[in-house]
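The values are calculated or read from the model by the stated rules, or taken from the named source; none is laboratory data. Small disclaimer: the values here were computed from a predicted structure and weren't measured. With ideal geometry, Cβ positions are generated from the backbone for all residues, glycine too; neighbour counts draw on all protein chains shown. SASA here: full protein model, heavy atoms, side chains in, ligands and nucleic acids out. Shrake-Rupley method; radii C 1.70, N 1.55, O 1.52, S 1.80 Å.
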Amino acid sequence: MKNTVLTETHIALGAKMVPFAGFNMPVSYEGVNAEHEAVRKGVGVFDVSHMGEFLIEGPNALELIQKVTANDASKLTVGKAQYSYLPNETGGIVDDLIVYRIKDETYLLVVNASNIEKDWTHISKYNEGIAADMRNISEGFSLLAIQGPKAIEAMQSLSSVNLEDIKFYNFVVADFAGIDYVIISATGYTGSGGFEIYCKNAEVQQIWDRVFDAGAEFGIKPIGLGARDTLRLEMGYCLYGNDINDETSPFQAGLGWITKFTKDFVNSDALDKEKEKGTEQKLIGFELDERGIPRQGYDIVEERGKKIGAVTSGTMSPSLNKGIGLGYVPSELSKPGNKIHIRIRKNTVPATVVKLPFYKG
């Protein structure tokens with residue numbers, strides 16, 4: 001089990017620690033609902049240093065990224081980031097990720113913690129004929145996500161740059177919390193604003209401490225992975241391993257918007273044909289019409305009880321106070337307003353397909 005630099009800090013704060021993607025991670029401190037509300041209404045801080053970071057550099061860097069990712073990275077200018085995914089050769093998804101253009105020939109790929117080794121092997125395979133400079137810097141870097149509507153106001157005293165000027169999916173390399181060069185990025189996973197701080201491991205404790213000092217008057221709280229999951233689910237954001245995986249079609253998962261056929265990429269011909277043909281299943285969001293909590297793996301059934309799909313992510317939404325979830329159903333049943341049922345233990349609970357996100361802010 002790996003630890004982040006801040007593991008002892010989390011334990012001292014009373015965090016409940018759990019194994020996650022090979023790391024010892026805080027799942028909650030005072031409780032998921034309280035932490036969720038802190039991010040929706042105030043400001044909270046996540047230690048997400050388990051995430052992976054790859055540097056792709058040199059004159060061939062863009063060629064490699066264009067080959068292995070589905071989105072069009074040629075559209076990135078320095079200071080911009082892009083959500084994308086790594087298609088595999090069989091129609092599924094190796095991982096979803098964020099691509100940052102740091103300099104003209106330097107890109108940072110941020111990948112899921114559980115997929116670091118798999119992603120590295122996959123990208124390296126395609127780099128054999130391209131020869132971009134690749135470095136896995138995951139072990140040396142930490143990542144904090146400072147999220148919530150009060151994040152900018154609470155943190156502005158820690159940086160000389162105007163944090164309000166960093167638009168969604170943009171970033172700056174600037175001073176923060178007494179450290180001269182960190183990445184301050186607005187690529188949050190909660191839907192409540194804020195930003196992320198990428199720094200070296202040796203710097204993260206100082207940044208954490210100063211963040212909590214600056215945020216004290218704003219009621220800042222440490223937030224665990226439990227609330228991270230409820231927050232992202234309220235936004236309808238996919239979680240790799242739950243909603244997308246090596247077998248999931250990106251078009252089933254609603255990722256057609258980041259699949260750009262203006263270039264050649266891994267499995268692009270087959271994906272182009274799939275786009276034309278359409279998919280038999282689609283990922284939907286649903287809300288329960290009655291009390292209940294949908295969980296990953298629960299059956300989605302039609303009125304007479306026949307199974308038509310499965311829940312991939314589900315929870316009791318703290319913001320909406322109702323059961324919500326994501327799951328795959330036949331495409332003809334995917335329209336908002338359609339009625340489905342979720343089998344929760346021995347009960348069949350009615351639900352309605354809704355347009356994402358669940359939480360409208």
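Taken together, the residues in region 159-199 that are assigned to a strand (DSSP E or B), among the hydroxyl-bearing types (Ser, Thr, Tyr) and either at pLDDT below 95 or surrounded by 16 or more Cβ atoms within 10 Å (Cβ to Cβ) (or both) amount to 2. Looking across region 241-285, the residues that are part of a strand (DSSP E or B) and either among the basic types (Lys, Arg) or open to solvent by 30 Å² or more (accessible area, probe 1.4 Å) (or both) come down to 281, 282, 283.
Put simply, of 232, 135 the only residue that is open to solvent by less than 30 Å² (accessible area, probe 1.4 Å), of a type in the set (Lys, Arg) and within 30 Å of residue 64 (Cβ to Cβ) is 232. If you filter region 290-324 down to residues that are polar (S, T, N, Q) and open to solvent by less than 30 Å² (accessible area, probe 1.4 Å), you find that the one that is farthest from residue 241 (Cα to Cα) is 317. Of the strands (runs of 3 or more DSSP E) that lie entirely inside region 13-75, those containing 3 or more residues that are open to solvent by less than 40 Å² (accessible area, probe 1.4 Å) and closer than 30 Å to residue 127 by Cβ span 52-57.
Can you spot a residue in region 287-296 that is β-branched (Val, Ile, Thr) and not in a strand (DSSP E or B)? Walk me through it before giving the result.
Start the filter on region 287-296 by keeping residues that are β-branched (Val, Ile, Thr), which leaves 293.
From what's left, not in a strand (DSSP E or B): 293.
Taking every residue of region 287-296 in turn, at least one turns out to be β-branched (Val, Ile, Thr) and not in a strand (DSSP E or B).
Contact map, region 340-359: first residue buried (at least 20 other Cβ atoms within 10 Å of the Cβ), second residue of a type in the set (Ser, Thr, Tyr) and in a strand (DSSP E or B), Cβ cut-off under 7 Å, separation 6 or more or different chains; pairs are 341/348; 358/317.
Residues in region 261-316 that are touching a His at 6+ places or on another chain (Cβ under 9 Å) and in contact (Cβ under 8 Å) with a residue 60 or more places away in the chain: 266 alone.
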